[in-house]
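Comments concern the structure below.
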Amino acid sequence: MNFHAGMNEIIMSINLLIPAAAYLYIRRRGAADTSVICSLIILTGAVLRFNYAIYTGADVRQHDVHEFFAHNGGHAEYICYIFENRRLPDFDPREIWQFYHPPLHHIVCAIVLTAVDTFGGDVCTTGVKILQLLMAFYSVLYNVFAYKSLCLLPLKKRTLCVCTAAVTFHPTLILLSGSLNNDMLSSLFGMSAIYFTIKWSEKQSICNIVLIAVSVGAGMMTKLAVGLLAPGIAAVFLAVLIKSAANRKQNLRCIRRLIMQFVLFGAICMPIGLYWPVRNYVKFGVELNYIPRLSEKSSQFIAQSAAERFLNWIPFQLSSPFTQWADVGAPYNEFNPIIALWKNAMFDEKTFFDGCITLQAVCVILFVINIVLSFTVLKSVIGFFSEKRRWSMEIKLLIAGIFIIVTGNYFVFCINYPHVCTQNMRYCVPLIFTRSVMLGSLIDNDPREQTGVFVENTVVLFCFCSAAVYTALMYFQS
């Protein structure tokens, strides 16, 4: 066994043993030292993410990235343009693929490449790999903000561990750890916006609302889709304002203070978040919500009608846990947006472990568990929104706002852009956190604990399967 293979074995052992030790500790001690257990879970997730970023090439499981320094479009050329020219593109962004995106992610990456070049490193190899490690770091920070957000919610200690694990080991966040486009950084800003919104709902300080504004604004400067969180955040603002107005003890000074905070939020968030689309509209006439379209002649075009895509639930679509592509030998293009989301949330748009029946069986288990957890969340909805003592109205509005807007936008996106690549979990990353919260509420609200124990054990199995798949994947690069 060579050095690299030996290191892979060590990393695999760490990935599987740490969550196993944490789970056994929880079972034995009854969720004592919750912060220690959650730290172990996040640490395991960090090892898994950096491991994935190291063994995944810059041309493997990427989305609209293309090749660095090849000048053939994509996020790679966007980054290289800023790196080489030391300025933002000064032409119509529709001329080059993916240049319509806001530039914050690409600016940060260009700065990193500049630093590597300054110290004599090879920007094509070392520089690009450092960028992938940066994406893994973003993903770890996402976990930290998710955990801190969960700590602010009325979850029991044991449930907090389960919810933290459900986020940490979600395959989408592992996949984004090696993805060189702007998805991971925008997701990080979105998660930080959720965290500071929850904090603000408890303490309406200037600091908290400024941090919300910076998070949303910087997120939109990375990817405009972060703005989808705004309605849920606005609902929290409105609920706090109404509660203050209805409280006789609250005077006009308090209400005026809240309104001034909202003005401050807009003054910070809107210029940052809307700069790029407004700039392109004024200079080049680009639509504010411009998204390039693929041709109907594309091999991934979905010919079925919108009604058929949502209503066709023929069982053969579940015969494989992997996204189906007709141009690589599949009998059809994946067309049902919900089934597609179940699949690529676990395995992106690829087929894993060709020729290895055992590992593909693990993928099937992971896929089935994901579906089970999705239906379990539906069961928790009534209990979550009808519970009045523990969950505040502000939190309910935030979770509902995120879920409704993000899910609705995804379905509309799939209808308006009927191609296989639009049916991807990377457009629905905030739902990872909302699902974790809903599962936690179901565990805590179960009076007989039967459902709670089932959910807890299912999440644990989900985590083990996810860790096994994305550790073993280092031996099956494609």
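General observations
- Filtering GLY45, GLY73 for residues that are closer than 25 Å to GLN98 by Cα and modelled with pLDDT of 85 or more leaves a single hit, GLY73.
Yes/no matrix, rows are residues, columns are (1) aliphatic (A, V, I, L, M); (2) without any contact (Cβ under 8 Å) to a residue 60 or more places away in the chain; (3) not in a helix (DSSP H, G or I):
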site	(1), (2), (3)
HIS75	no, no, no
CYS80	no, yes, no
HIS101	no, no, yes
VAL108	yes, no, no
THR114	no, yes, no
GLY121	no, yes, yes
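- One residue from ILE291, ILE314 being out of contact with any Leu (no Cβ under 9 Å at 6 or more places or on another chain) and under 24 Å from PHE347 (Cα atoms): ILE314
- Some residue of region 172-190 being more than 19 Å from the chain's Cα centre (by Cα) and modelled with pLDDT of 95 or more: no
- Only one of the numbered conditions (1) among the aromatic types (Phe, Trp, Tyr); (2) surrounded by fewer than 17 Cβ atoms within 10 Å (Cβ to Cβ); (3) in contact (Cβ under 8 Å) with a residue 60 or more places away in the chain is not met by TYR52, and that is (2).
- The number of residues in region 427-450 that are free of Cβ contacts under 8 Å to residues at least 40 places away in the same chain, more than 19 Å from the chain's Cα centre (by Cα) and assigned to a helix (DSSP H, G or I) comes to 1.
- Look at (1) under 29 Å from PHE301 (Cβ atoms); (2) of a type in the set (Phe, Trp, Tyr); (3) crowded, with 21+ Cβ neighbours inside 10 Å and you find that PHE353 fails only one, number (3).
- Considering region 303-405, the qualifying helices (runs of 4 or more DSSP H), each wholly inside and each with 1 or more residues that are within 19 Å of the chain's Cα centre (by Cα) and on the phi < 0 side of the Ramachandran plot, run over 337-347, 357-386.
- Test for LEU238: is it over 16 Å from the mean Cα position of the chain (by Cα), over 27 Å from LEU431 (Cβ atoms) and modelled with pLDDT of 95 or more: no
- Those helices (runs of 4 or more DSSP H) of region 183-279 in which 1 or more residues are without any contact (Cβ under 8 Å) to a residue 12 or more places away in the chain occupy 206-222, 230-246.
- Filtered residue count, region 292-302, keeping only those that are surrounded by fewer than 12 Cβ atoms within 10 Å (Cβ to Cβ) and touching a residue at least 12 places away in the same chain (Cβ under 8 Å): 1
Quick grid of which residues meet (1) part of a helix (DSSP H, G or I); (2) in contact with a His (Cβ under 6 Å, 6 or more places away or on another chain); (3) over 13 Å from LEU48 (Cα atoms); (4) at pLDDT below 95:
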{"site": "GLN132", "(1), (2), (3), (4)": "yes, no, yes, no"}
{"site": "SER139", "(1), (2), (3), (4)": "yes, no, no, no"}
{"site": "TYR142", "(1), (2), (3), (4)": "yes, no, yes, no"}
{"site": "PHE145", "(1), (2), (3), (4)": "yes, no, yes, no"}
{"site": "SER149", "(1), (2), (3), (4)": "yes, no, yes, no"}
{"site": "THR159", "(1), (2), (3), (4)": "yes, no, yes, yes"}
{"site": "ALA166", "(1), (2), (3), (4)": "yes, no, yes, no"}
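The values are calculated or read from the model by the stated rules, or taken from the named source; none is laboratory data. Remember, it's a predicted structure, so these values are computed and weren't measured experimentally. Counting neighbours? That spans all protein chains shown, and the Cβs are built from the backbone with ideal geometry, glycine included.
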